[in-house]
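The values are calculated or read from the model by the stated rules, or taken from the named source; none is laboratory data. All values derive from a computational prediction rather than experimental measurement. Here Cβ is always computed from backbone atoms with ideal geometry, including for glycine, and neighbour counts include all displayed protein chains. With ligands, DNA and RNA removed, areas are computed over all heavy atoms of the protein, side chains included. Shrake-Rupley method; radii C 1.70, N 1.55, O 1.52, S 1.80 Å.
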Amino acid sequence: MKTRLLFLGPPGAGKGTQAARICDSNGMKHLSTGDLLRTEVAAKSDLGQEAEAVMNRGELVSDKLVLAIVESQMKALSGEGWLLDGFPRTVPQAEALEPLLNELKQPIEAVVLLELDDAVLITRMLSRGRADDNEDVIRNRLEVYRDKTAPLISYYQNKGLLISVPAQGSVEEITERITKVLS
Ligand code: AMP
């Protein structure tokens with residue numbers, strides 16, 4: 001089983017749900033930059049206050065801020081596997097991750113791309129009721145994904161790390177598909 005992973009895919013594809021399930025079953029650390037940022041927002045920390053408005057518009061928080069969070073989380077890992085969910089979200093973030101992982105001597109073993117049609121993504125997001133899940137913001141988040149994050153697909157394809165998984169069907173079916181491609 002591969003245990004140093006990235007989850008890539010549009011908002012609403014089920015990355016968070018699947019990442020939590022895969023990490024629970026395999027004793028890996030689930031690192032979701034969205035969850036970490038929401039924790040900062042709830043705590044009203046300086047970092048959270050800086051991020052909140054940007055998140056509510058469906059835009060991306062600065063690479064610098066997100067990298068600071070990821071770096072401190074990765075350095076605190078104690079040898080277990082990990083799954084980065086929602087990071088990297090831009091090519092510069094991916095480029096910054098490389099020297100960090102080299103330093104930790106923990107190369108990525110696979111990048112899982114969860115693929116789903118826009119219509120299903122929008123329906124799923126509208127049913128979550130999160131602060132950044134109203135229709136205009138959702139449209140913006142999909143556009144940001146296409147512009148800034150989708151280039152990572154060829155970035156990781158070129159490194160021979162990308163594995164695509166269809167993300168339609170039940171939660172259990174999708175977990176099964178992911179587990180299979182990682183074994
Ligand atoms: P998520 O829970 O992954 O959908 O993330 C929610 C929001 O947090 C995103 O719409 C961004 O505003 C912000 N965010 C999460 N991860 C990142 C990242 N890697 N880079 C920049 N912004 C991020």
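Of all residues being closer than 24 Å to N134 by Cβ and aliphatic (A, V, I, L, M) in the range 21-42, which is farthest from the ligand (Cβ to nearest atom)? Just the residue, please. Step through it out loud before you land on a result.
Quick first cut of the range 21-42, residues closer than 24 Å to N134 by Cβ only: 32-42.
Those still in the list that are aliphatic (A, V, I, L, M) too: 36-37, 41-42.
Values: L36: 8, L37: 5, V41: 9, A42: 13 Å.
For the range 21-42, the residue satisfying everything is A42.
Scan the range 74-83 residue by residue and report those that are over 15 Å from P99 (Cα atoms) and either within 13 Å of the ligand (Cβ to nearest atom) or in contact (Cβ under 8 Å) with a residue 12 or more places away in the chain (or both).
L77, E80, G81, W82, L83
Among the residues of the range 63-89, what is the count of those that are modelled with pLDDT under 95, open to solvent by less than 30 Å² (accessible area, probe 1.4 Å) and part of a loop (DSSP other than H, G, I, E, B)?
Summing the residues that are modelled with pLDDT under 95, open to solvent by less than 30 Å² (accessible area, probe 1.4 Å) and part of a loop (DSSP other than H, G, I, E, B) in the range 63-89 gives 1.
Restricting to the range 136-151, name every residue that is aromatic (F, W, Y) and farther than 15 Å from G34 by Cβ. Reasoning before the result, please.
Of all residues in the range 136-151, those aromatic (F, W, Y) come to 145.
Selection gives nothing.
Quick check on my filter: what residues within the range 43-62 are more than 11 Å from the ligand (Cβ to nearest atom), assigned to a helix (DSSP H, G or I) and hydrophobic (A, V, I, L, M, F, W, C)?
L47
Yes or no, residue by residue, for (1) within 22 Å of L182 (Cβ to Cβ); (2) hydrophobic (A, V, I, L, M, F, W, C):
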site: L31; (1), (2): yes, yes
site: Q49; (1), (2): no, no
site: M55; (1), (2): no, yes
site: T90; (1), (2): no, no
site: A96; (1), (2): no, yes
site: I108; (1), (2): yes, yes
site: V120; (1), (2): no, yes
site: M125; (1), (2): no, yes
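Take L60 and decide whether it is out of contact with any strand residue (DSSP E or B) (no Cβ under 8 Å at 6 or more places or on another chain), touching a residue at least 60 places away in the same chain (Cβ under 8 Å), within 23 Å of S127 (Cα to Cα) and buried (at least 18 other Cβ atoms within 10 Å of the Cβ).
yes
Being open to solvent by 30 Å² or more (accessible area, probe 1.4 Å) and within 14 Å of the ligand (Cβ to nearest atom) is the filter here, so list the residues in the range 94-121 that pass it.
E95, A96, listed by residue number.
Return the residues of the range 30-46 that are surrounded by 17 or more Cβ atoms within 10 Å (Cβ to Cβ) and either more than 21 Å from R146 (Cα to Cα) or touching a strand residue (DSSP E or B) at 6+ places or on another chain (Cβ under 6 Å) (or both); say none if nothing qualifies. Step through it out loud before you land on a result.
Narrowing the range 30-46 to residues surrounded by 17 or more Cβ atoms within 10 Å (Cβ to Cβ): 30-34, 36-38, 40-41.
Those that are surrounded by 17 or more Cβ atoms within 10 Å (Cβ to Cβ) and either more than 21 Å from R146 (Cα to Cα) or touching a strand residue (DSSP E or B) at 6+ places or on another chain (Cβ under 6 Å) (or both): H30, L31, S32, L36, L37, R38, E40, V41.
Within the range 142-162, how many residues turn out to be over 21 Å from E59 (Cα atoms) and surrounded by 15 or more Cβ atoms within 10 Å (Cβ to Cβ)?
Matching residues across the range 142-162 total 4.
In the list R124, R139, which residue meets the criterion of being under 26 Å from S25 (Cα atoms), open to solvent by 40 Å² or more (accessible area, probe 1.4 Å) and modelled with pLDDT under 95?
R124
Does Q18 satisfy the condition of being away from the ligand (no atom under 13 Å from the Cβ), more than 16 Å from R130 (Cα to Cα) and either crowded, with 18+ Cβ neighbours inside 10 Å or free of Cβ contacts under 8 Å to residues at least 12 places away in the same chain (or both)?
No: the conditions fail for Q18.
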